[in-house]
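Worksheet: one structure, shown below.
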Amino acid sequence: MRFLKNKIRLAEEAFQRKQQKNLLSPGKTSEISEPSTISSPITHGDRSKRTCSSYSEPILASTFTKPTKNVVINYGKAILSFAMSGLAPEYISRYFSEEKIHLPSFHAFLLETKPKISGYKNFEGIFIAEEKDSPIVALYKKVLKMLGEVFVKYFSVNWIIHGKVAHKLVYLKHRYLILRRIIKV
């Protein structure tokens, strides 16, 4: 916990230094008497009311990105990547020992499914066997559902912490929601 607090503190200090650099443009020769810092840390509250301490104008809400924008897409692609990895055949053989699953055709199914993930509705759609699906596609979706559960329960924390995800706490909080979406289907 101390490591994360230090990392957050260093990030805030770097942000403050960057803000100070932006205020001192090369054309200006006058110095600012007090350092410009953000008066409150970034929270999920009303962003339009926050102001800079040296200026009275509000910070625009459009300068901030929504941290939950790509959570579902990234989780979906991570689940599909896990299903294509070398760890998946062990889980497939453990849970689906009676069905013979042809791995190259399963990987082809995953590759054609990957670009279709764009939101919660499409995310749930990769796990639901529809009436128009062939029996083999229905089996692949059933296997993918099981692999999605395994990934979110046992591998997602490692993926979040050691990956390139910027908002790690947001992804950790969404684990339960993603797992609920997978199991609900």
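Readers should treat all values here as calculations from the given coordinates under stated rules, not as data from a laboratory. Predicted, not measured: the structure shown is a model, and the values here were computed from it. Please note: Cβ atoms are built from the backbone with ideal geometry, for glycine as well, and neighbour counts cover all protein chains shown.
In plain terms, the bigger the Kirkwood radius, the slower the diffusion; for segment 98-185, with that radius from Cα pairs, at 4 °C and 1.567 mPa s, Stokes-Einstein puts D at 91 µm²/s.
For segment 71-184, the relative contact order is 33 percent, taking Cα pairs closer than 8 Å that sit 6 or more residues apart in sequence and dividing their mean separation by the residue count. Ranked by the mean number of other Cβ atoms within 10 Å of their residues, highest first, the peptides 2-10, 92-100 fall in the order 92-100, 2-10. Modelled this way, with points 7 Å down the Cα-to-C-beta line, the labels at GLU98 and LYS132 are 3.0 nm from one another. Each peptide in 170-176, 139-145 gets a packing score, the mean of other Cβ atoms within 10 Å over its residues, and the list from highest to lowest is 139-145, 170-176. When the C-alpha to C-alpha distance is required to be over 28 Å, the pairs from LYS100/LYS164; LYS18/LYS77; LYS116/LYS184; LYS114/LYS168 that qualify are LYS100/LYS164; LYS18/LYS77. Neighbours of ASN158, meaning other residues whose beta-carbon lies under 15 angstrom from its beta-carbon, give a summed charge of +4 when Lys and Arg score +1 and Asp and Glu score -1.
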